[in-house]
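Below is one structure, written out as structure tokens, with a few remarks after it.
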Amino acid sequence: MQPTQVRDKVVYLTFDDGPDPIWTPKILALLAQHHAQATFFVLGRNAQAYPEIIEQQRLAGHMLANHSWSHPDLTQLNQASVIQELNSTQALLGATSSNCFRPPYGKHNQQTTASADQLGLRMVLWDVDSADWKQPGTEEIVARIRSQVRDGAVVLLHDGGGSRQQTIEALEILLPELAAQGYRFVAACS
């Protein structure tokens, strides 16, 4: 009798609102330490301000995706403005970025979807919300992810938009724990 082979389980870690000069490099180092890949949904204005971090993300093999230029509620904009928000970021990221986008706040409507379709972008949301942007405490972030994670889960985290110390502390706990449970961390949109 041969030992049972454990099939790898996959988790898609995604980070919104970066890059940030303080938090993104720390998250990149932690991901590298645990051989984890992720998708970074970047804001165009932040990518323009920190091109060296964008390059670090690319060189580390992470996927870069579009989170708009300035983080507006796209459902409140006219179609031309939605297209400008998405197209400006996509142009800045260039050909090596993915064709995925995530609308700010996860808010979208028919016009948002049509605008993305026109630009050849595919919307990617999430099914595990860490709520780390609320800074509820490391333990709460860990508990939220533990209770919702499953094979194929898309986990929403943030590397920009304020202090991400709790996010980093949660990842320090979760990355080895989930890896020990057989999970691999891969980039969405690859």
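The values are calculated or read from the model by the stated rules, or taken from the named source; none is laboratory data. Model, not experiment: these values are computed from the prediction. When we count neighbours, we look across all protein chains shown, and the Cβ atoms used for this are built from the backbone with ideal geometry, even at glycine.
Cβ separations smaller than 7 Å between residues 6+ apart or across chains give the following pairs from region 100-111 residues that are on the phi < 0 side of the Ramachandran plot to residues that are β-branched (V, I, T): C100/V124; R102/V124; P103/T112; K107/T75; H108/T75; N109/T75; Q111/V82. Looking across region 1-12 at every residue that is modelled with pLDDT of 95 or more and either within 14 Å of the chain's Cα centre (by Cα) or not in a strand (DSSP E or B) (or both), the one that is farthest from E177 (Cα to Cα) is identified as Y12. Of all residues in region 13-63, those that are part of a strand (DSSP E or B) and crowded, with 24+ Cβ neighbours inside 10 Å total 8.
Considering the conditions (1) free of Cβ contacts under 8 Å to residues at least 60 places away in the same chain; (2) surrounded by fewer than 17 Cβ atoms within 10 Å (Cβ to Cβ), L93 is excluded by exactly one of them, (2).
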